Amino acid sequence: MILEKTIPLGINLKNSEPYRVMLADNSRLERLLLRKFLLHEKFKIVAETEGGQETVDVFQKLTMKPDILCLDFEFPDKNGVKVIEEIRRTHPHLVIIMVTKNTHRVLIQKISELRINAFLVKPVSRLQILEKLSYILG
């Protein structure tokens, strides 16, 4: 009998290290759910933030930058589009997944211009996030 060992989605096959993820959402519950989904697949959560400007500041200070940024659109101080614009200036290849309740056509058009990798509408299920990540990470 041959036993196959499944490699978790969160492990980068190129270097056998976990993908690093930053979670940015002003809802503690949403961050908790995403963290739970991702940790189960062996992703490494390197930072969590709850504000737009805080996300930019923490991202810039991290010595080991995340491979993936999961962020909401709605923050009290700076919206997700502004956050993406600032981070894209220095990290154009960062994988960005926007997870939001906002589905306005103007927002969807704007974020498509910013080259985000995925757009998910809340509430997000474990299966939805893992399917998107599986597609993005190959």
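The values are calculated or read from the model by the stated rules, or taken from the named source; none is laboratory data. Bear in mind that the values here come from a model prediction, so they are computed numbers and not experimental data. Neighbour counts run over all protein chains shown; Cβ positions are idealised from the backbone, glycine included.
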| request: Determine which single condition PHE37 fails, assuming it passes every other condition in (1) within 22 Å of LEU133 (Cα to Cα); (2) touching a strand residue (DSSP E or B) at 6+ places or on another chain (Cβ under 9 Å); (3) modelled with pLDDT of 95 or more; (4) of a type in the set (A, V, I, L, M, F, W, C). | output: (2)
| Only one of ASP77, ASP57, ASP72 is among the acidic types (Asp, Glu) and surrounded by 18 or more Cβ atoms within 10 Å (Cβ to Cβ); which? | ASP72
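Inspect all residues belonging to the stretch 92-106 and state whether any of them is assigned to a helix (DSSP H, G or I), more than 21 Å from ILE45 (Cα to Cα) and over 13 Å from the mean Cα position of the chain (by Cα).
yes
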| Yes/no for LYS82 being assigned to a loop (DSSP other than H, G, I, E, B) and not hydrophobic (A, V, I, L, M, F, W, C) | no
| query | Going by the structure shown, is VAL46 within 15 Å of GLU86 (Cα to Cα) and either of a type in the set (A, V, I, L, M, F, W, C) or part of a loop (DSSP other than H, G, I, E, B) (or both)? | reply | no
| remark: Of the residues in the stretch 10-33, those that are among the acidic types (Asp, Glu) and buried (at least 19 other Cβ atoms within 10 Å of the Cβ) come to ASP25, GLU30
| said: Of everything in the stretch 13-30, what is part of a loop (DSSP other than H, G, I, E, B) and free of Cβ contacts under 8 Å to residues at least 60 places away in the same chain? Give them in sequence order. | reply: LEU13, LYS14, ASN15, SER16, GLU17, ASN26, SER27
| task | May I ask you to list the residues in the stretch 92-113 that are surrounded by 15 or more Cβ atoms within 10 Å (Cβ to Cβ) and over 14 Å from CYS70 (Cα atoms)? | result | ASN102, LEU107, LYS110
